[in-house]
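Accompanying notes for the structure given below.
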Amino acid sequence: MGAMASTARALALSAALAGAGALTAKAVQAGREESVRPVLSVEGRTPRILVAGAGYIGLYTALTLRKHVGRQDVEIAVVDPHPYMTYQPFLPEAAAGSIEPRHVVTSLRRELTGTTVLTGSITGVRHAERKAVIDPGNGDDPYEVTYDHLVVGLGSVARTLPIPGLAENAIGFKHIEEATALRNQVLGKLAEAASTWDPEKRRRMLTFVFVGGGFAGIEALGEVEDMARAATEQYDSIDREDLRFVVVEGAGRILPELGEELGGYALEQLRDRGVEINLNTFLNSCVDGHIELSSGETFEADTVVWTAGVKANPVLGNTDLPLEERGRVRTNAKLQVVDEDGNVVENAWAAGDCAAVPDLSTGPKTPDGTCAPTAQHAVRQGKHLGENLVKVLTGEQPTDYVHENIGTVASLGLYKGVAQIMGRKFRGPLAWFMHRTYHVMAMPSLERRVRILADWTAALFFRRELVPLGALHEPRAAWEQATGQRKGENKPTERSDAAAATRSSGAKK
């Protein structure tokens with residue numbers, strides 16, 4: 001074990017050094033002058049491009065546009081409810097404390113210089129009139145903006161089901177706020193359980209349910225489980241075996257994108273760590289934390305994490321853009337919006353999770369022949385869309401988007417992972433190393449890459465921080481209590497000797 005840990009640490013240090021060298025080279029390249037190309041005017045005025053959404057598509061499209069066209073030639077406005085872009089593949093590490101949450105997000109205004117960033121939600125689009133409706137989200141009335149070209153990158157939202165108790169008790173895992181809340185929830189429950197004299201409440205607090213066995217669910221589980229078991233070392237009354245992690249997956253295997261062999265390996269590794277994985281099983285109810293599975297099993301849990309798939313942003317239903325049966329915008333391979341007959345909708349573009357982009361690669365495809373909703377596709381589609389839009393603005397013809405999947409990587413916790421690169425399969429510390437290396441290089445901001453590398457390097461010498469900060473979700477609680485605004489606080493009760501004995505029996509030997 002000691003040799004393996006030393007090897008893993010050496011790999012991590014090599015990753016940091018290699019990453020730093022690559023980042024330096026990229027910085028030098030980025031410092032060179034970008035070619036600015038003349039743009040065709042629209043009726044004698046500067047054309048305006050509205051970018052709906054600032055995820056991978058919105059950010060990379062705007063960055064690419066601004067590299068090739070000057071501010072005096074094209075106006076670019078990016079609209080998103082958040083003033084930052086979240087790099088979702090790093091959410092599991094943020095939840096586990098391996099990366100500072102602030103380093104997983106990129107400031108839009110800092111990165112998109114020369115671009116107008118509007119904080120708000122697009123609630124409707126009338127493309128025939130070249131108008132979009134924006135809700136600023138601050139209580140002010142919605143307003144309209146006009147545009148000449150529209151880029152739709154509204155992404156996806158969690159695909160939920162009408163399961164009793166799900167809306168009231170579960171938490172999603174698509175945003176940095178959710179990752180931070182999950183971290184505080186898990187660590188907070190450990191702290192509560194260590195101070196609880198009731199064995200039933202204790203078991204409930206130390207039970208964590210993850211619904212969904214895809215990348216989001218398994219990576220989140222792997223990182224959080226690893227963190228939680230490490231946190232038990234700080235408690236005299238909680239053993240690693242006291243924690244219960246449960247996966248509920250409706251399909252017959254986990255991580256289907258990695259194939260049967262690697263998915264089976266991940267399944268065995270997690271089960272060896274004590275994780276209960278229920279395949280071909282569905283969550284029937286979680287009302288008030290009472291979990292009911294389709295297998296008939298029932299138990300109590302305070303923490304339910306929902307990662308069972310995504311769907312296209314439902315706001316697309318409030319547009320006049322052509323949608324396919326799954327609610328995604330229809331596009332051709334050039335990322336132009338098209339109608340059901342394949343006719344191009346003038347000056348409308350779409351890509352990412354909210355678009356049905358034809359997959360022209362020769363590799364494995366989704367059942368409907370469209371590009372899978374992965375970060376790898378989204379990053380490349382965003383850049384390609386920007387380049388195609390530049391071509392159209394300068395009187396050239398756009399080109400097809402074609403990307404051969406170079407591989408898939410997944411983390412199962414610290415120094416643990418699986419990967420399939422160029423047809424070759426990897427497991428353990430090497431796959432974990434590949435996962436970190438790929439994603440740090442894909443991070444859009446140079447500053448954030450350096451900060452993430454610094455986080456990882458510091459983790460080689462210091463233990464990660466395992467303090468719950470659940471009070472962040474109620475920042476006024478202490479003030480309200482001090483000013484007498486918070487009523488009905490629970491009063492302490494005397495604990496019987498029997499209860500004290502019950503808790504003491506759980507202390508580590």
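Shape class for the stretch 331-488: oblate, because the ratio a/c of the largest to smallest gyration tensor axis (alpha-carbon atoms, square roots of eigenvalues) is 1.5 or more and b/c is at least a/b. Ordering 337, 265, 164 by the projection of their Cα atoms onto the charge dipole of the chain, which places +1 on the Cβ of Lys and Arg and -1 on the Cβ of Asp and Glu, puts 265 at the extreme positive end. When the charge dipole of the stretch 96-212 is built from unit charges on Cβ atoms (+1 for Lys and Arg, -1 for Asp and Glu) and taken about the Cα centre, the candidate among 132, 176, 146 whose Cα reaches farthest toward its positive end is 176. Using a probe radius of 1.4 angstrom, the carbon and sulfur fraction of the accessible surface of the chain is 53%.
Rounded, prolate or oblate for the stretch 307-399? Axes are the square roots of the Cα gyration tensor eigenvalues, ordered a ≥ b ≥ c, and the cut-off for rounded is a/c under 1.5. List each step's numbers first, then the result.
Numbers: a/c = 1.66, a/b = 1.24, b/c = 1.34.
Judged from the Cα gyration tensor, the stretch 307-399 comes out oblate (a/c at least 1.5, b/c at or above a/b).
Charged neighbours of residue 360, selected by a Cβ distance under 15 Å, balance to -1 (K, R count +1; D, E count -1). Per residue, the chain exposes 48 Å² of solvent-accessible protein surface, assessed with a 1.4 angstrom probe and all protein chains in place.
Taking K and R as +1 and D and E as -1, what net charge do the other residues with C-beta under 10 Å from the C-beta of residue 333 add up to?
-1
Note on the chain: with charges restricted to the Cβ of Lys and Arg (+1) and Asp and Glu (-1), its dipole about the Cα centre is near 1480 debye. Kindly state, to the nearest 0.05, the FRET efficiency for residue 482 paired with residue 343, given R0 = 56 Å and r defined as their beta-carbon distance. Computed FRET efficiency for residue 482 and residue 343 comes out at 0.30.
Computed from the Cβ-Cβ distance with R0 of 35 Å, the FRET efficiency linking residue 300 to residue 463 stands at 0.65. Note on residue 360/residue 146: beta-carbon distance plugged into 1/(1 + (r/R0)^6) with R0 of 45 Å gives a FRET efficiency of 0.85. Rounded to the nearest 20 debye, the dipole magnitude of the stretch 48-174 is 340 debye, with +1 charges on Lys and Arg beta carbons, -1 on Asp and Glu beta carbons, and the Cα centre as origin.
In this view, the solvent-accessible surface of residue 84, computed with a 1.4 Å probe and all protein chains in place, comes to about 50 Å². The charge dipole of the stretch 122-233, taken about its Cα centre with unit charges on the Cβ of Lys, Arg, Asp and Glu (plus for the first two, minus for the last two), comes to roughly 360 debye. For residue 398, the shell of other residues with beta-carbons less than 9 Å away shows a net charge of -1, using +1 for Lys and Arg and -1 for Asp and Glu. The string of couplings for the stretch 431-437 from the Karplus curve (6.51, -1.76, 1.60, θ = phi - 60°) is 5, 4, 4, 5, 4, 5, 4 Hz, one whole number per residue in order, with x for Gly and Pro.
Annotation for the stretch 400-478: trypsin sites (Lys or Arg not before Pro) lying in DSSP loop with at most 12 further Cβ atoms inside 10 Å of their Cβ are 463, 476. Compare the Cα positions of 295, 434, 358 along the charge dipole of the chain (+1 at Cβ of Lys, Arg; -1 at Cβ of Asp, Glu; about the Cα centre) and return the one farthest towards the positive end. Most positive-ward Cα: 434.
Here is how the number arises for the chain: DSSP H runs of 4 or more residues each give -39500 (n - 2.57), the sum is divided by the residue count, and the result at 222 nm is -10500 deg cm²/dmol. Exposure here means at most 15 other Cβ atoms within 10 Å; with GluC sites (Glu not before Pro) in a DSSP loop as sites, the longest stretch of the chain lacking them is 44-296. Among the chymotrypsin sites (Phe, Trp or Tyr not before Pro) within the stretch 428-483, those in coil by DSSP and having at most 16 neighbouring Cβ atoms inside 10 Å are 461, 462.
The values are calculated or read from the model by the stated rules, or taken from the named source; none is laboratory data. This structure is a prediction, so every number in the text was calculated from the model and none was measured. Ideal geometry is used to build each Cβ from the backbone, glycine not excepted, and the neighbour counts take in all protein chains shown. Side chains included, ligands, DNA and RNA excluded: accessible areas come from the protein's heavy atoms. Shrake-Rupley method; radii C 1.70, N 1.55, O 1.52, S 1.80 Å.
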